[in-house]
Structure formats: structure tokens, C-alpha cells
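This report concerns only the one structure given below.
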Amino acid sequence: MTEQTGNRLERRELLLRSVKAGVSIAAAGLVSAALYDSDGPGSGLDAESLVTFKDWAVTPEPGRTMSIVRGPDRRATVTKAIDLLGGIRRFVKQGQTVAIKPNVAFASPAMLGATANPELVAEVVKLCRDAGAKRVIVTDNPINEAASCFMLTGIRGAAELAGAKVVLPRQSHFRSTSLEGGRLIRSWPVYFEPFARADALIGIAPVKHHQRSGASMTMKNWYGLLGGPRNVFHQDINTIIAELSMMVKPSLVILDGTEVMMTNGPTGGSRADLRRADTMIASCDMVAADSFGCTLLGLKPADLPYLAAAARAGVGTTDYQSLKPASAVLS
Amino acid sequence: MKIVQARQISQVFFFAMFVWFSIVSSLGEKLWQIRGWPVKWFLHLDPLAAIGTVLSTHTLYRPLLWALVTIVLTIVFGRFFCGWACPFGSVHHFVGYLGRHDKSAARKIQLNAYRKAQALKYIILAVLLGMAAFPSVAATLQVGLLDPIPLVTRSFDLLLVPLLDRSAGIASATERFYEGAWLVLAVFGTAVLLNLLIPRFYCRFICPLGALFAILGRFAFWRIGKRSGDCINCRACERSCEGGCEPAGRIRMSECVLCFNCLDDCGHEVIGYQRRKSATGEVTGPDVSRRGFVLSLAGGVFAAPSLRLASRLGGNRGHTIIRPPGALGEGEFLKRCVKCGKCMRICPTNVIQPGGIEGGLENIWTPVLNNRIGSSGCQLNCTACGQVCPTSAVRPITLDEKLGRGAFADDGPIRIGTAFLDKNRCLPWAMDKPCIVCEENCPVSPKAIYTQELFNMVRGGVVTVKELAGDSIVVEQNLPPGKFAGGDYYLAAAEHRSKIIDNTGSSVEIVTGGNLRANLVPGAIIAIQVRLQRPFVDIEKCIGCGVCEHECPVGGKKAIRVSAVGETRSPDRRLLLER
């Protein structure tokens, strides 16, 4: 009797174990089948999904491509310069989202002129808001630590006060892009996300000396959109600046020559590096704006190979005078 | 309200405040950023930091006067800080509770029994204080290795906040990286998990601050003890005893952390908080002989110079040990730094890193700049690190002092090191590639990095003119199409040189004008050159900020690197002949 019970228990135990073992084996088999990878890992360089920046350029209007306004007060000169192009409403429509990309590369105070002037940025924000923009974002991917850059330059404070939202770059904001016909911008990470929803894009840059490229102005300003180990592009600085100007097609660029950094650029660091030139440029043509801007540094457009390269690629013209820039002088 | 509830509220309050101060230790003006929050208050309340620096420097740095508050309260009440305020103690308290709450009463009593090894903390305290008290330049403040306040501060600031904030990214200026965070984790994790073995393991066996409180609290006016002998010896009072001080027998005053659990657990109201000694007697002082304590102190005194046998303050100084701007000379610095990590937390660029063992024991967790980590070296217009240093190991300097302006114009800027070019790695020097990112980013004016122009022939750059067609020059050789476009390449023959605009596989287009074109004939041999700007460092201008090193595109081992040479903080590390 006892023996029989023992046998029965043993049999039940055996059966139970068989079932458990069977389920475990089946699970191991199923997991293996589900995760089976016949090819092994690739090089890791497979084509990722690429993004492309929108074309924000506005319809050309003869005589309203570029304007040059002389005067000491940035708020007044920039307003006038944009007016001469047909007013802010040509670029910003009611209810739109506007992205503004000032040069905020360095964590240095505004008075040193290494970055876009905060008053100027604030005035452009205000113009956009007055034109009915629903949302104005101000952003850059600086060289120095981003939060410090926006804080120390005063751009965060001024832009927020004028009604803009300041966006700091985060890893998730970057996407890969390839420039059609480009040699350098191939599957390269760019600062993309904050611009994806923008209906208009305005670039704001000061005129600065730059030892490697000659001058840093509106075209060089787009360097801030590059992610990844972007410093390698200094090996071919003219090509990368030209390609950036092909990659980004802004609604409008503003080149601030109120105070020009003549030496020690692009960082500056001393008031002695600056010269008053009291000039503000607004332009739909970056090449034209920079071709004029470099004259404030005592350079000719031919001194900057990236201007000719961009012109050859059809981005704009180095012969800014052919555009008959509208001009004005304010006291 | 029962007194244990008051204690719990106090613990939660102080712990929350501590965590808040850790979160807000980030540059910015928002409510959750640094603003005016007194983020170093806990470190100032810490008598071990105060007494340690008093022993090593023979001065009491002003804000450390706060420690006097803790000291006076401890003299009056005993180890209240451990049970009521210490954020690290509260962590141990909570984890210890989790570890024991489902165990039997007998097991709990066993866990909370006094152990002879609890005397270890007095030895640790004596050794650490002995090192600080070494009567010469070799005095070294190493209390920060185990002092719970710096320990828990760096654990939260360098480990937990960065980890928990990884996806949100709101508690730091940039995503945080800390070299050697594993060691911070190992110490913190071990200390916390040991609570599952024995509750409040760290507090009972290791904590040098607790040991100090035990010594200070021996004359406490009120103390835990039995009111009368009417005790049935049920030992309920030892079930949740945090200190392991055996209130059922002769209570060990020095181990009692004033948790008041015994008072709460005693069903017979025998235990009280009173001026009298316990009815069954008490052991007042620490369970370590005077001789043992003095011997340990002497051990510490000998340990201090033995650390200096490595000559790290002399010829064997670590050239990679770059201290933040405002740091005292190395000897004085090591007398003050408590290794709390606040400077590493606040640094907006994340360049300040916890030092590792490679710089010797004294270097562990002290601030060291690593220009390869973080967003951009030591930022020119920033003095945040000195503002949060609790002991002024890194002085709270002004921007004028850092940059050598205004009243400091005669002293010149603070230099934290000097950049050295590695010409074997630098692109324009070693590879004939244009670059000068270092020059572009050098933040001082005039720049400490300057360039010299040079035209060098490219590899395979000798070509023969086949024919001339306008500005286009057809050559006999095959060229890589487009390779010499970009504005950095030139065609040269004899003393004439013209910039190349573009090239095909067989021809080169040069800029219009110039003398080269006029002097060329078919059959002429010409050179393709690259225009280089080679960087040089001007050591009279370089402040060692490391932006160049950070931005240098040559990854891994950079082509320009900052060494801790020419630091203004130590005259013996001077490199310049004149300031």
C-alpha cells in the first residue's frame, strides 16, 4: 500500500517535471527563434533616416533683397532695415512659429561683441510678436556651455522679456542630414528639432574677424547648427561654410555691423577689439550680406573663398551692388 | 505627538532640505537653481570639517562657525545630530529599518546588540585628526574620505542627482559626467547595503563624525536611561535601538543616537530622557582606552608625512592635477579640501572632476580639471566653484581677480596651467592640414594662441603645365577632382603664387590676376601648395583654461593639452620669468 502510494507520487512528480522541462525547452526554443539573427552585426554605418531643413526663403521682390541702414541704435536701424525690405510681415505671418538663430557661441558679456547683441535679438523678437507670430523661439548650439552662453550674453533675459522662448540644445534635438551635392555634410548630425516646426527662420550675426576663414558673419552663423565632432570641418572651412549656406535657406538674415570685431576674433575679449561702424544689414541673400559685411572689416569679397563658392552654388551673389540695396541713414 | 514622531519629522525635514540643496546646486536664476540657496549649509554645520581645518590651518574659517552651533547642541543634548538631522544617518536609519522590520523581536535585539568593533570609529577619527594635526606643512585634511556630510554630499551631487536627472535634464546645466563615479558608488552603495547586515552599520562602526559627537556629548545634560529599577528586563527597548547602545543593561552613552525608539518601545515606561544616569548605570565614554586613542592619533600624525614621501608636492607633482581657479597652493589646498564635490556639481561646464587614486590618496575626490570631459574647459567669465566651496580650499574669487582686472591689474590673471602643443599630433604641424580650432576658441584678448603662415607642398604636388586656357591650367598629371578647391590651396612657381579656385582630374583653375599666370609656359614645372596657419602658444598670455584642449578635433589624446605648470597659485610652479 505504502509502496503503491510512493510509486504514484513518483509518477506524478515525474509527469510534473516533464511538463516543466518541456515548457522550459519550448521557451528557450521560441526565444532563440524570435531573436535569431542570421547576418550578424553590420558595420553600424547603415543609412539612418535623414532629415532635410525646410526652405524658408521668401518670394524675391526686386529692390527688396537687401538693405543697409546706418545709425548707432540697433533697435532703430534693424526696424528700418526690415521696413526697407517690405516690413516684417513679408517674413512673418499671423499665427506662425518663428525660429531665430542668433550667434550665441561664447559665454561672454554682450559688450564684448562676440555674440549677437541682446537688444537686437529682443527687437527682432518684438517685431515678430507684433506681426502676430504665435511663438518665437530663440536658439543656438553654442561652443561654450549653452546655458551660460545664453545667460552671460544677456540674450536669454532680453529674448524672454520680449516674448520669446529660449531653447537650449539637447541630444534628442539632433538628426542626421545629407546635403544634396555636398561633399562634407554627409549623414552628419545637425541641430534640427527646434527648427522642424518653424514657419520662418531668421539668422542674426555680428560682423567678426575670424583667423581661419577671414570673417564670421551670417553664413558662418549656421556653423551653430552642426552637431557631432564639428571641429574637423575646420580643415576645409570655406567648403563647410558654403555648404551650410546651401543647407539652410532662411527667411531673412540680419548682419550687425554696429560694432565690428576687427581683431582677436571670433572670441574677442576686449573692447579694444571692436570698432564702431554703425551699420545694420537685413538681407534675403546671405552671400550679398556677407559680401558687403566683409568690407566693414577692410576685406574684399574675393578675400573670402566661401563667398565665391556659395555664389557658384547659386546661394546668392557676391556683387551686392547689383541688388541695388535699399539704404537709409538714421541719427 | 510622540517624541519619535517629532524625530521622524525632523529627519524628513533635514533630508528633504539636503536633497533640495543638492538639486538646486546648478547654475541659473530659476527657483530650482542656485540663486541664493545656502547649499553649503550642511557642510558648515559639520564640526569635523571645522575641527579638521582648525587643526590643519590653525584658523576657523568664518562660515564654519556654524559648526559651533552643532557642537554646543551636542554638548548639551548628546548625539542628536546623528538621530535627528544627519542626512546620511537618515538613509541608514530607513534602509536599516527595511532590513529588520519583518524579523523576529529576538533577532532584532540580536542585530542591535553592542559590538566591540563599534570602537573602530574612534580609531578612524583619531587617525584622521592626527593627519590633520601634523605640526608642519605635511598636515593633510583627509577627514573628507569618511566624514558622512561630504560623503553623502558627493554621493548625491556626483552620482544620484546626475543619474536620476539623466532623462529630464533639468537639475544640471549640461548632462553630467564624472570620472571615477564608480568609486563614489562603491563607497555609498556599500555603506547603504551594510544596513541590511546590521542596521546603521556606518554610524555604529565607521562614522568619524559620530565618534566626534560621542566624545563631545559625554557631558550631555539629558540622557536616555532607566528611570528606576522596576524593569522586567524584557529588552523591548533594544528591538529598534538605532545606536546599538544597549539601553536594557548599562547603556552606552557614546553609542546612543537619541532615536528615542527605546522610550517608545518600553511598555512599562521605565525608560526616560532625564538628567540622572540610568538606574542600571551607564558607560559614559567611548569603549576605547585613552592609550588606544592616543596611539591612533599618533598613527595619523605619522601617516601624514608618509603620504608626502611620494614627493607629490615637490618634483613629482602631477602635471595633470589642474585645480580650479582660486584654489590655494597645493599644500594649503590639501589642508582644507573636504572632498564634498560641490565645486564639481556647480561647474556649468562639468570640467571639474573628482580626482582619482593616480594622484595619491590625498588626491581622491579632490577637484581636478579634465578638459576632455564637459562642454568647454574652464569658462573665462565664471567663478562659480569658489562660491560653493565650504572651506575656501577654492577661494571665492571675483571675476576681476580671476581676469586680473581693476584692483588686480598688477597681479595679472589667475593661471591654472599652461597649454602645450603636441606638434606630432597637431593637424597643421604634423599632417599639413589647416585647422587652428584652438586659436579660434582661445578666449583671452589678445589670444594666447597665435599662428604663423606657411606654404607647404602637398604630397605629389609637383605638376607639369601641359597647356594654358584662360585661368585654367591643364597639367600632365592626374589630380583628384575637387581636392584643391576650398581656398586653402595654391599654385606656385618661383616667387609667384596664386590661389586655386577649383580643379578637375587634369586641370587647375586659379583666381584671376596675379603674376603666376603671366609667367607660365607649357612644360613649366609648378607646385601645388597648401596654406597652413601653424599655432603657437604664448605662455605669457595663456591662463590654462583648457578651451583649446577641449575643442581640439584630434580626439582621445588631444594635440594641445594643458599641464599644471605655471599655475599662479603656487609660486614654486612658476614657469614665466616675469608675471
Task: Full-extension gain in nm, residue B:17 to residue B:60, via 0.36 nm per residue minus C-alpha separation - done: 12.9 nm
Task: DSSP bridge orientation in segment A:131-223 - percent antiparallel, rounded to nearest 5 - done: 70
Task: Residue-averaged 222 nm ellipticity for the protein assembly as shown, from DSSP H runs of 4+ at -39500 (n - 2.57), nearest 500 - done: -8500 deg cm²/dmol
Open item on the list: At 7 Å along Cα-to-Cβ for each site, give me the label-to-label distance between residue A:73 and residue B:160 in nm.
Closed with: 5.5
Open item on the list: Students often check this: by mean Cβ neighbours within 10 Å, which of B:284-294, B:205-215, B:12-22 ranks highest, and how do the rest follow?
Closed with: B:205-215, B:12-22, B:284-294
TODO: Provide A:252, B:163 in ascending order of the number of other Cβ atoms located within 10 Å of each residue's Cβ, fewest first.
DONE: B:163, A:252
TODO: Give the relative contact order (percent, whole number) for chain B; include only Cα pairs under 8 Å separated by 6+ residues.
DONE: 14
Task: Sites residue B:37 and residue B:170, calculated FRET efficiency, Cβ-Cβ separation with R0 25 Å, nearest 0.05 - done: 0.95
- [ ] Could you tell me which of the pairs A:165/A:324; A:208/A:300; A:165/B:402; A:54/A:324; B:466/B:499; B:499/B:541 are separated by over 26 angstrom between their Cα atoms in the structure shown?
- [x] A:165/A:324; A:165/B:402; A:54/A:324; B:499/B:541
Open item on the list: Suppose the chain between residue A:30 and residue A:312 were pulled fully straight at 0.36 nm per residue; how much longer would it get relative to their current alpha carbon spacing?
Closed with: 95.6 nm
- [ ] Obtain the nm distance between the two label points defined at residue A:50 and residue B:459 by a simple spin-label model: each point lies 7 Å from its Cα along the Cα-to-C-beta direction.
- [x] 2.8
Task: segment B:3-283, relative contact order in percent, only Cα pairs under 8 angstrom and at least six apart counted - done: 24
Task: Within segment B:556-579: backbone nitrogen closer than 14 Å to the residue B:320 label point (7 Å, Cα to C-beta) - done: B:556-558, B:561-564
Task: Cα-Cα over 31 Å, subset of B:108/B:335; B:30/B:558; A:80/A:101; B:121/B:342 - done: B:108/B:335; B:30/B:558
Open item on the list: Cut-off 20 Å, label point 7 angstrom out along Cα-to-Cβ of residue A:299: give me the residues of segment B:489-506 whose amide nitrogen falls inside.
Closed with: B:489-491, B:498-502
Open item on the list: What does DSSP give for segment A:68-329 in terms of the percent of beta bridges that are antiparallel, rounded to the nearest 5?
Closed with: 50
Open item on the list: So the label point goes 7 Å from the Cα of residue B:467 along Cα→C-beta, right? Which residues of segment B:515-535 then have their backbone N under 13 Å from it?
Closed with: B:522-523
- [ ] Please arrange B:489, B:114, A:36, B:273 by counting, for each residue, the other beta carbons lying within 10 Å of its beta carbon, fewest first.
- [x] A:36, B:273, B:114, B:489
- [ ] Would you work out the charge dipole size for chain B about its Cα centre, treating the Cβ of every Lys and Arg as +1 and the Cβ of every Asp and Glu as -1, and quote it to the nearest 20 debye?
- [x] 2500
- [ ] Enumerate the helices in chain A for which the Kyte-Doolittle hydropathy averages 0.0 or more and the C-alpha atoms extend at least 27 Å along the helix's axis, using complete DSSP H runs.
- [x] A:2-35
TODO: Would you mind calculating the relative contact order of segment B:70-194 from Cα pairs under 8 angstrom and at least 6 residues apart, reporting the percent as a whole number?
DONE: 19
Open item on the list: For chain B, take the longest principal axis of its alpha carbons; what is the angle in degrees between that and the long axis of helix B:66-77, to the nearest 10 within 0 to 90?
Closed with: 20
Open item on the list: Based only on other Cβ atoms within 10 Å, what is the fewest-to-most ordering of B:115, A:135?
Closed with: B:115, A:135
Task: For segment A:68-329: rounded, prolate or oblate by the Cα gyration tensor [a/c cutoff 1.5] - done: rounded
Open item on the list: For a quick check: with amide H placed at 1.01 Å from N, whose amide H comes under 5 Å from residue B:529's, ignoring anything fewer than 5 positions away on the same chain?
Closed with: B:458, B:490, B:491, B:492
Task: Distance between modelled label sites at residue B:218 and residue B:98, nm, 7 Å Cα→Cβ extension - done: 3.7
Task: Among beta bridges that DSSP assigns inside the protein assembly as shown, antiparallel share in %, nearest 5 - done: 70
- [ ] Take the Cα atoms of the protein assembly as shown, find their three principal axes, and give me the spread along each one in whole Å, biggest first.
- [x] 116, 91, 59
- [ ] Can you tell me the FRET efficiency between residue A:19 and residue B:72 if r is taken as the Cβ-Cβ distance and R0 is 60 Å, rounded to the nearest 0.05?
- [x] 0.25
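Each reported figure results from applying straightforward, stated rules to the coordinates on display, with no laboratory input. What you see is a predicted model, and the numbers here were worked out from it, not measured in a lab. When we count neighbours, we look across all protein chains shown, and the Cβ atoms used for this are built from the backbone with ideal geometry, even at glycine.
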